[in-house]
Amino acid sequence: MKITVEHIDIPENEVILRCPALGEEMLGVLSLLRSGLQRLCVWDDSRRTTLLAPNEVVYCETMEDQVFVYTGQAMYQIALGLGELESRYGSLGLFRAGKSVVVNLHHIRSLVSQGAGRIQATLATGEKLMVSRRYAPLLRERLGL
Amino acid sequence: MEYFDRFYLWGIDTKYRMGLYFAAVVFFKGLVNVLLGDRTVDIVILLEMLLACFAFACLESLIFPWGKEWTGKGQGRRIALWAVLANLIFIGCAWGLGWFTGAPVWGGLLLILLLECALVAMWYALWLKEKRDTAILNQGLQRFQEGT
């Protein structure tokens, strides 16, 4: 990718991306630029990009090195990793619930204590996620317990 | 080193449960002896009880390894196996090694009934603990969701 920085006298900073099609690389750049707006830049199957507010995210999971974002109505892909999602939007409720899952604590309907130190989370969508033994103490800490 | 640590942690957990079972068995042995007019417990019987409790605690850790959990039929089978082993080891040792010699038949049956009650009580206690923990977790979740 060719990067050019122009110093010109304009009232507002501007970034123009030029490409034949929105590939993984460009989507990543877009995501990076837009993440500063506290919005998640995601794209769907038809590679149409959308800006999601973090509170719209129900949970995110990795599958085959790709990160998918679930909103309850739709599924998107995102260029950020789960660790980045948690560190950037953790204060807004995103919590690492397992090796491959980040869940939005605001979209959890209920929690059930399970044996072996695990916690089962039922999401507002009705889906069930297991908070692993490793992450369960962190969840308790996050909930102030 | 990792294997040693795992073995050491397993040892701590197993010894804890062995101690728990040993205390219960010694309590009933002491109670039966007092009721039979004997104020002493044979040291060999104490050793047998300790070894039986250790064997049961080891088998328990094999049936329910730490960090693993089964649902539905898998869990049911393991609980059934655990209950059968508890009965086999404790009733078998008590009868075979003469832990409660001198006790009447109805006393033996009462001890078996107490053993079954204790086994059920253990699962009931675990269920209660999880129920209470679930309530605490949901209170914390509600506070979190309302607070931010």
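Only the coordinates and a few stated rules stand behind these numbers; no lab work does. Here the structure is a predicted model, which is why all the values come from computation and not from measurement. Positions of Cβ are generated from backbone atoms using ideal geometry, with glycine treated the same way; all protein chains shown enter the neighbour counts.
Per residue of peptide B:131-138, the mean number of Cβ atoms on other chains within 10 Å of the residue Cβ is 6. Within 10 Å of the Cβ of each residue in A:119-125, the mean number of Cβ atoms contributed by other protein chains is 1. Hey, how many Å between the Cα centroid of the stretch A:113-145 and the Cα centroid of the stretch A:16-93? After rounding, the separation between the Cα centres reads 24 Å.
Placing unit charges on the Cβ atoms of the charged side chains and taking the dipole of chain B about its Cα centre, the candidate lying farthest along the positive direction among B:ASN33, B:LEU9, B:ALA121 is B:ALA121.
Each Lys and Arg Cβ is given +1 and each Asp and Glu Cβ -1; about its Cα centre, the stretch B:2-138 then shows a dipole of about 300 debye.
Counting other C-beta atoms within 10 Å, and keeping those with at most 12, which DSSP coil GluC sites (Glu not before Pro) do you find in the stretch A:46-121? Let's see the in-between values first.
On the way: sites: A:GLU56, A:GLU61, A:GLU64, A:GLU84, A:GLU86; in loops: A:GLU64.
Within the stretch A:46-121, the qualifying GluC sites (Glu not before Pro) (loop, at most 12 other Cβ atoms within 10 Å) are A:GLU64.
Scanning chain B for trypsin sites (Lys or Arg not before Pro) in DSSP loops with at most 16 other Cβ atoms within 10 Å, what's the longest stretch left with none?
Numbers: sites that count: B:ARG39, B:LYS68.
With trypsin sites (Lys or Arg not before Pro) excluded where exposed in loops, chain B gives B:69-148 as its longest stretch.
Each of A:SER87, A:LEU33, A:MET1 was scored by the projection of its Cα onto the charge dipole of chain A, and the greatest displacement toward the positive side belongs to A:SER87; charges sit on the C-beta of Lys, Arg, Asp and Glu. Dipole orientation for the protein assembly as shown: of the candidates A:THR122, B:GLY92, A:VAL15, B:GLY92 has the Cα lying most toward the positive pole (charges on Cβ; Lys, Arg +1; Asp, Glu -1).
Using C-alpha pairs below 8 Å separated by at least 6 residues, the relative contact order for chain A is 14 percent.
Looking only at other chains, what is the average number of their beta-carbon atoms within 10 angstrom of each beta-carbon in B:15-22? All intermediate terms of the calculation are to be shown ahead of the outcome.
Numbers: counts 0, 0, 0, 0, 0, 0, 0, 0.
That works out to 0 on average.
Relative to the Cα centre, the charge distribution of chain A, modelled as +1 at Lys and Arg Cβ and -1 at Asp and Glu Cβ, gives a dipole magnitude of about 800 debye.
Explain nothing, just the number: relative contact order of chain B, from Cα pairs under 8 Å at least 6 residues apart, as a whole percent.
Numbers: 53 pairs, mean separation 32.0, N = 148.
Worked out over chain B, it gives 22 percent.
The spacing between the stretch B:118-148 and the stretch B:13-46, judged by their C-alpha centroids, is 33 Å. Which angle between 0 and 90 degrees, to the nearest 10, do you get for helix B:73-96 versus the longest principal axis of chain B when only C-alpha atoms count? The angle comes out at about 20 degrees.
How much mean residue ellipticity at 222 nm does chain B get from its helices, if each DSSP H run of length 4 or more adds -39500 (n - 2.57) and you divide by all residues, to the nearest 500 deg cm²/dmol? Estimated from H runs of four or more residues: -30000 deg cm²/dmol. Any chance you could give the angle, 0 to 90 degrees and rounded to 10, that helix B:105-147 forms with the longest Cα principal axis of chain B? Approximately 10 degrees, to the nearest 10. Dipole magnitude for the protein assembly as shown: computed about the Cα centre from +1 point charges on Lys and Arg Cβ and -1 point charges on Asp and Glu Cβ, it is near 820 debye.
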